[in-house]
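The values are calculated or read from the model by the stated rules, or taken from the named source; none is laboratory data. The model shown is predicted, which means the values in this text are computed figures rather than measured ones. Cβ: placed from backbone, ideal geometry, glycine included. Neighbour counts: every protein chain shown.
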Amino acid sequence: MYRFFRLLSFVPLQLMLGMGALVGWIVWWSSASYRAQFLVNTGHAGLSWKQTKGAVSSAGKLVGEIPWLWARGANIMALQRSEIDEIGFIEKALDQGRGVIFLAPHLGCWEMGAQLLGEVFGPKYGDMIALYRPARKEWLENLLTRFRSRRYLKFVPTTLSGVRTILKHLKAGGYTAILPDQVPPKGLGVWAPFFGRDVYTMTLLPKIAQQTGSLIVLAWCKRLPGARYKCYFSDLSHYGIDDKSISIEEAAKRMNKALEELILKEPDQYLWGYNRGKQPRETVHTKSSVVGANKDA
């Protein structure tokens, strides 16, 4: 699998994106359950097929991008294909020794976004350290371990040790990125509104923000024509997600509201096929969460 990924990384990215788009439509027409989930989610958001059909090919492009993103040469920078939005307010926070949490939903190319964060901020502010959920399949976990980390971009597992690493990193003025719109395991979230229905929402991000006083920045990487990208940033301070005086349920509600407003601006690049409304799974690792880390904060 390693050699296969390395080989695919040499294929022009624009061609891989085109093949990925085709894969997206093949999956759409071949999987009734995927189509149903996609339409349920867009329906809850009040969006039409015209507004969201581009997300079908966008989901496939995620697959086409992975070999280049993970297996390209170490000397090939993501910045070579990307534009960066205004970052002055982020640099100001980091210069003041304040941690920064990038809230990065499943919109556009979040894998490219993570690499760009490391390349943009790493030379001056050091590594971005982010949490990742270990894959259940051994071959995929081997790929993640071997490929995903790059210069200025490091990953730690979603265990008590990993969360402690993130807390320490933020308190020291570092930065991290968290995907906030995936369903967390049971006990690690709360039910909060998202596009007209209550969904199980992670509490990790607001808890870490409230413990560390970190700046919360909404970040996403948009696909542009010609296999190019642009990374956008928005200061979420006015949402008060990090306000210690509010309940964690209210913080989750505010976080979902920020996500809704962004997704509605670019609905054709969101991952609508994900079962956002599913019940949380049971896990034996519940105590290895930020809940446990609260004792040491």
Given region 61-168, what strands (runs of 3 or more DSSP E) lie entirely inside it while holding 3 or more residues that are within 26 Å of LEU271 (Cα to Cα) and in contact (Cβ under 8 Å) with a residue 60 or more places away in the chain? 82-84, 100-103
Kindly establish whether GLN211 is surrounded by fewer than 18 Cβ atoms within 10 Å (Cβ to Cβ) and closer than 25 Å to PHE155 by Cα. no
Test set (1) more than 14 Å from the chain's Cα centre (by Cα); (2) within 23 Å of VAL63 (Cβ to Cβ); (3) acidic (Asp, Glu) - GLU111 fails condition number: (1)
Residues (loosely packed, with under 14 Cβ neighbours inside 10 Å, at pLDDT below 75 and of a type outside the set (Asp, Glu)) located in region 138-180: TRP139, LEU140, ASN142, THR145, ARG146
If I ask for residues that are of a type in the set (Phe, Trp, Tyr) and either more than 26 Å from LYS137 (Cα to Cα) or outside any helix (DSSP H, G or I) (or both), which ones from region 1-28 would you list? PHE10
